[in-house]
């Protein structure tokens, strides 16, 4: 039995509504995190923002060594008053490590009071790459 065009349109409308709802209720970012993500592709701006928001010694220098894509937040969680954002970003260009180019880097930033207080490298997807 074949579905009617009206039934198909209702199905498509429902799917679009569900997709929009998931996007609407997706991870909420604090303004400082949004600023970092929005400027992530510009290495100089990224480095300046990481220095501005990062507590001393928390964010590794390696995060500012390579050109990377705008990160995608894959997970958000709250633990002990710290909001953790798990992100993925592809290395586009890296003079310090040709092996890193093309890899997707996974990392977690923990924010509290508008500052980055925790940072964890999750490593690249699919293997280990050293800088």
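A short reminder: the numbers here are calculations on the coordinates, not readings from a lab. Remember, it's a predicted structure, so these values are computed and weren't measured experimentally. Quick reminder, even Gly has a Cβ in these numbers, built from the backbone with ideal geometry, and neighbours come from all protein chains shown.
Taking other Cβ within 10 Å of each residue's Cβ, how do 89, 74 sort, fewest first?
74, 89
So how do 80, 42, 67 line up by other beta-carbon neighbours within 10 Å, fewest first?
Working: 80 8, 42 12, 67 16.
Ordered by Cβ neighbours within 10 Å, fewest first: 80, 42, 67.
Along the Cα→Cβ direction, 7 angstrom out, place labels at residue 61 and residue 42. What is the inter-label distance in nm?
Between residue 61 and residue 42, the label points sit 2.4 nm apart.
If I histogram all Cα-Cα distances within the range 28-124 using bins 10 Å wide from 0, what percent of pairs lands in each bin?
17, 54, 26, 3
Starting with the fewest neighbours, write out 111, 121 ranked by other beta-carbon atoms found within 10 Å of each beta-carbon. Write out the running numbers ahead of the final one.
On the way: 111 19, 121 12.
Taking fewest neighbouring Cβ atoms as first place, the list is 121, 111.
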